[in-house]
Amino acid sequence: MPGLIYFHGGGLVAGTLATHDPIARALANSGGCRVVSVDYRLAPEHPFPAALDDALAALEIIGADPARYGIDPFRLGICGDSAGATLAAAACQAVARTGVARLALQLLICPILDYSRSSESRRAFGSGYLVDQATLDHDLLHYAPAGTDPADPRISPLRAARLSGIPRTLIHTAEFDPLRDDGRDYFERLTNAGTAVSHTCHPGMIHLFYGLGSVIPYASIAYEQIGSEIRAALA
């Protein structure tokens, strides 16, 4: 079957396989694919680059023998939501340089891609929209040790100097998300780099809307679209 290696959100300081299991299952069911959810280490006990090291290790291990996980080696993708998308994007850039895995797809949902700047969406929705700027600052403080440059592309993938060799990419953002512009700007950079990429900004939605289906019915509609895109990309 086609498959996705999935990294959960949680600001790189929280979240588990259990908390994000509904999201992983929704991706598997809507996308008609296997999902391998990765339990990476979290800060502050394990600061940068521990989480990224785990993401790269998972990619190398699964990429070396996808069939062990019931995955077609030519239909393997990578996925992350929120801070999990930070890891997915950074790992995908590393794979483009090293070739440790063959990736056919990158899926980023409400991604955090630049911890080093204040974008228009962060200023507009930095308070009162589920995830606020104070939380983002708190998470970065615990994830990145003193002296670490937040503009390091391994922390802020949007800051990468080159974006060649990135596989087909699907980016989904939310209209009222302080991280909205990160996804839009990455879409523009990948487009300029010649990557096959699409961007959907879900109207009226907030960060993590896709994980709040019990109170936000639109989440099921979004998964229908995301699933359709996964199936098409990994056909």
| message | Can you list the DSSP H helices in the chain whose Cα atoms extend at least 20 Å along the helix axis and whose mean Kyte-Doolittle hydropathy is 0.5 or higher? | response | 50-64, 83-98
| query | Using 0.36 nm per residue, how much length does the chain from Ser118 to Glu60 gain when fully extended, once their Cα-Cα distance is taken away? | reply | 17.5 nm
| said: Are there any chymotrypsin sites (Phe, Trp or Tyr not before Pro) in segment 34-128 that are in a DSSP loop and have at most 12 other Cβ atoms within 10 Å? List them by number. | reply: Phe74
| request: Would you mind calculating the relative contact order of segment 3-228 from Cα pairs under 8 angstrom and at least 6 residues apart, reporting the percent as a whole number? | output: 21 percent
| note | Quick calc: nm separation of the 7 Å Cα→Cβ label points for Asp132 and Asp72 -> 4.7 nm
| With Rg and the Kirkwood Rh both taken from Cα atoms, where does Rg over Rh land for segment 116-218? | 0.99
| message | Based only on other Cβ atoms within 10 Å, what is the fewest-to-most ordering of His46, His172? | response | His46, His172
| Kirkwood hydrodynamic radius (Cα pairs, Å) of segment 163-235? | 13.1 Å
| query | Share of Cα-Cα pairs in segment 35-134 beyond 15 Å, in percent? | reply | 66 percent
| remark: Computed, not fitted: 222 nm per-residue ellipticity of the chain from DSSP H runs ≥ 4 (each -39500 (n - 2.57)), nearest 500, equal to -12000 deg cm²/dmol
| message | Can you compute the radius of gyration and Dmax for segment 3-228, using only the Cα atoms, both in Å? | response | 16.0, 46
| remark: Mean-square fluctuation maximum in Gaussian network of the chain, Cα pairs under 10 Å, restricted to Ser30, Ser116, Ser214, hits Ser214
| task | Determine the distance separating the Cα centre of segment 1-68 from the Cα centre of segment 164-235; give it in Å without decimals. | result | 18 Å
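Could you give the size of the charge dipole of the chain about its Cα centre, using +1 on the Cβ of each K and R and -1 on the Cβ of each D and E, expressed in debye and rounded to the nearest 20?
Taking the Cα centre of the chain as origin, the dipole is about 600 debye.
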| message | What does the charge count around His8 come to, taking other residues whose C-beta lies under 11 Å from its C-beta (Lys +1, Arg +1, Asp -1, Glu -1)? | response | -3
| Relative exposure of Thr16, Thr148, judged by other C-beta atoms within 10 Å (fewest first) | Thr16, Thr148
| note | Expected sort for Leu87, Leu141 with the fewest Cβ neighbours (10 Å cutoff) up front is Leu141, Leu87
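Taken together, the values in this text are just the output of simple stated rules run on the coordinates, not laboratory data. Everything quoted here is computed from the prediction, not taken from an experiment. Cβ atoms come from the backbone with ideal geometry, glycine included; neighbour counts cover every protein chain shown.
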